[in-house]
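Reviewing the structure listed below.
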Amino acid sequence: QVYLEESGGGLAQAGGSLTLSCAASGVAVGYYDMAWFRQGPGKDREFLAAIPLRGENTIYGDSVKGRFTISKDSAKNTVYLHMQNLKPEDTAVYYCAAGRIYSDYVSSRNYDFWGQGTQVTVSS
């Protein structure tokens, strides 16, 4: 079975930083396209960042470009999302996802496996 477990969420102040982790089991992060999404209250699930398995450049959503960084450690089978310059509008549940995408990394429907999510709350 595949498990993706997010951790590292919590409360941060505006302008601060957090790093989220996504520990994978049953799937090797080095052999899947890995991504982070978030879903705020009353909002659709939003693409944040993806790290393709084929060594292509990382991909970011416009709302987080320049502030968030996705990375992975294949030895630890873990994907990270380092978030800096946080804003109150970054408040959401953050999800890790895995799939074999090949083209459209932005659509959540293309990902096969999801974690349960971790809450991030940014206070002003």
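The values are calculated or read from the model by the stated rules, or taken from the named source; none is laboratory data. In this text the structure is predicted, and so the values were computed from the model without any measurement. FYI the Cβ positions are ideal-geometry reconstructions off the backbone, even for glycines, and counts take in every protein chain you see. Heads up: the accessible areas ignore ligands, DNA and RNA and are worked out on the full protein's heavy atoms, side chains in. Shrake-Rupley method; radii C 1.70, N 1.55, O 1.52, S 1.80 Å.
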Subset of region 1-16 (residues that are of a type outside the set (Ser, Thr, Tyr), open to solvent by 30 Å² or more (accessible area, probe 1.4 Å) and assigned to a strand (DSSP E or B)): GLU5, LEU11, GLN13
For region 1-49, give me each residue that is hydroxyl-bearing (Ser, Thr, Tyr) and under 18 Å from GLN84 (Cα atoms). SER7, SER17, THR19, SER21
Over region 15-52, the set of residues in contact with a helix residue (DSSP H, G or I) (Cβ under 6 Å, 6 or more places away or on another chain) and among the aliphatic types (A, V, I, L, M) is none
Filter result (closer than 17 Å to GLY9 by Cα and either without any contact (Cβ under 8 Å) to a residue 40 or more places away in the chain or of a type in the set (D, E, K, R) (or both)) within region 47-74: ALA49, VAL64, ARG67, PHE68, THR69, ILE70, SER71
Give ASP112, ASP62, ASP104, ASP90 a once-over and let me know the one that is among the charged types (D, E, K, R) and closer than 15 Å to GLY16 by Cβ. ASP90
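Residues checked against (1) small (Gly, Ala, Ser); (2) in contact with a Ser or Thr (Cβ under 7 Å, 6 or more places away or on another chain):
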{"position": "LEU20", "(1), (2)": "no, yes"}
{"position": "TYR31", "(1), (2)": "no, no"}
{"position": "THR58", "(1), (2)": "no, no"}
{"position": "ILE70", "(1), (2)": "no, yes"}
{"position": "PRO88", "(1), (2)": "no, yes"}
{"position": "TYR95", "(1), (2)": "no, no"}
{"position": "ALA98", "(1), (2)": "yes, no"}
{"position": "SER108", "(1), (2)": "yes, no"}
